[in-house]
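> Here it is, the structure, as structure tokens.
The values are calculated or read from the model by the stated rules, or taken from the named source; none is laboratory data. Every value quoted in this text rests on a predicted model; they were computed, and no experiment measured them. Every residue, glycine as well, gets a Cβ built from its backbone with ideal geometry; the counts of neighbours run over all protein chains shown. Only protein heavy atoms, including side chains, enter the accessible area calculation; ligands, DNA and RNA are left aside. Shrake-Rupley method; radii C 1.70, N 1.55, O 1.52, S 1.80 Å.
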Amino acid sequence: LLSEGLRLFSGEEDSIPIQPGHFAAAADLLGEEIINSSTCRKVIQILWKEDQDPKALVEREHLAQIQDKSLLEAMAKEVIAAYPQAAESYRQGKTAALQSLIGQMMKQTQGKGHPEKIREALEQALQQ
């Protein structure tokens with residue numbers, strides 16, 4: 001969070017163009033895992049250009065991580081059906097195959113899936 005702010009700070013500004021409360025709210029969104037680190041960088045970049053409430057921004061732009069268990073379970077089943085070879089490799093003990101499936105789910109969620117919850121949903125679906 002701070003590194004992104006420092007990266008954006010060119011030294012030409014008199015101050016950081018983000019209100020401290022908004023910067024803190026962005027940190028809270030990251031800490032509460034509502035957004036991930038890459039989304040937090042995007043949020044800071046947007047706030048740098050136009051300071052606004054980061055919570056409202058995340059809601060308006062649909063930037064929150066996908067954490068809905070039933071949705072992730074359904075997606076996990078779809079990914080397993082679409083990539084049966086990776087699923088079978090995982091079942092045969094090749095744990096690296098799980099990373100491939102996680103990558104496919106992250107692609108399907110456009111990077112908004114909560115990685116640990118995706119892992120849990122896939123592991124559960126692969127045991128069925």
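> Which of the residues that make up the range 71-83 are open to solvent by less than 80 Å² (accessible area, probe 1.4 Å), more than 22 Å from ILE34 (Cα to Cα) and not β-branched (Val, Ile, Thr)?
Selection gives ALA81, ALA82.
> Taking the residues in the range 13-45 that are in a helix (DSSP H, G or I) and open to solvent by 60 Å² or more (accessible area, probe 1.4 Å) as candidates, determine which candidate is nearest to ARG60 (Cα to Cα).
Narrowing the range 13-45 to residues in a helix (DSSP H, G or I): 20-31, 37-45.
When the remaining residues are screened for being open to solvent by 60 Å² or more (accessible area, probe 1.4 Å), the result is 20, 28, 31, 37, 41-42, 45.
Numbers: PRO20: 21, ASP28: 17, GLY31: 20, SER37: 18, ARG41: 17, LYS42: 14, GLN45: 16 Å.
For the range 13-45, the residue satisfying everything is LYS42.
> Ok, one more. For the range 55-92, enumerate the residues that are of a type in the set (A, V, I, L, M), touching a residue at least 12 places away in the same chain (Cβ under 8 Å) and under 17 Å from GLN128 (Cβ atoms).
Going through the range 55-92, the residues of a type in the set (A, V, I, L, M) turn out to be 56-58, 63-64, 66, 71-72, 74-76, 79-82, 86-87.
With touching a residue at least 12 places away in the same chain (Cβ under 8 Å) added as a condition, the list becomes 57-58, 63-64, 66, 72, 75-76, 79-80, 82, 86-87.
Selection gives LEU72, MET75, ALA76, VAL79, ILE80, ALA82, ALA86, ALA87.
> Confirm whether ILE46 is within 30 Å of GLN128 (Cα to Cα), aliphatic (A, V, I, L, M) and in contact with a helix residue (DSSP H, G or I) (Cβ under 9 Å, 6 or more places away or on another chain).
Values: within 30 Å of GLN128 (Cα to Cα): no; aliphatic (A, V, I, L, M): yes; in contact with a helix residue (DSSP H, G or I) (Cβ under 9 Å, 6 or more places away or on another chain): yes.
The answer is no for ILE46.
> Is it the case that the range 92-103 has a residue that's under 16 Å from THR39 (Cβ atoms) and modelled with pLDDT of 95 or more?
Applying the first criterion (under 16 Å from THR39 (Cβ atoms)) to the range 92-103 yields none.
Checking the range 92-103: not a single residue is under 16 Å from THR39 (Cβ atoms) and modelled with pLDDT of 95 or more.
> Which residue, of GLU88, GLU116, is closer than 23 Å to GLN65 by Cα and either in a helix (DSSP H, G or I) or open to solvent by 80 Å² or more (accessible area, probe 1.4 Å) (or both)? Quick ask: steps written out before the conclusion?
Details: GLU88 fails: closer than 23 Å to GLN65 by Cα.
None of the other options fit; the residue is GLU116.
> Can you tell me which residue among GLN104, GLN124 is in a helix (DSSP H, G or I) and crowded, with 17+ Cβ neighbours inside 10 Å? Break it down into steps so the answer makes sense when it comes.
On the way: GLN124 fails: crowded, with 17+ Cβ neighbours inside 10 Å.
The unique qualifying residue is GLN104.
> Across the range 48-60, which residue is surrounded by the most Cβ atoms within 10 Å (Cβ to Cβ) among those that are of a type outside the set (A, V, I, L, M, F, W, C) and farther than 17 Å from HIS114 by Cα?
Of all residues in the range 48-60, those of a type outside the set (A, V, I, L, M, F, W, C) come to 49-55, 59-60.
Cutting the leftovers down to farther than 17 Å from HIS114 by Cα gives us 49-55, 60.
Numbers: LYS49: 10, GLU50: 9, ASP51: 14, GLN52: 15, ASP53: 15, PRO54: 27, LYS55: 16, ARG60: 10.
By that ranking, first place goes to PRO54.
> Limited to the range 46-78, what total is found for residues that are in a helix (DSSP H, G or I), more than 14 Å from GLY5 (Cβ to Cβ) and of a type outside the set (S, T, N, Q)? Let's see the steps before the verdict.
Quick first cut of the range 46-78, residues in a helix (DSSP H, G or I) only: 46-49, 54-60, 69-78.
Among the residues that remain, those that are also more than 14 Å from GLY5 (Cβ to Cβ) are: 55-60, 69-78.
Checking which are of a type outside the set (S, T, N, Q) leaves us with 55-60, 69, 71-78.
Residues that pass the stated criteria total 15.
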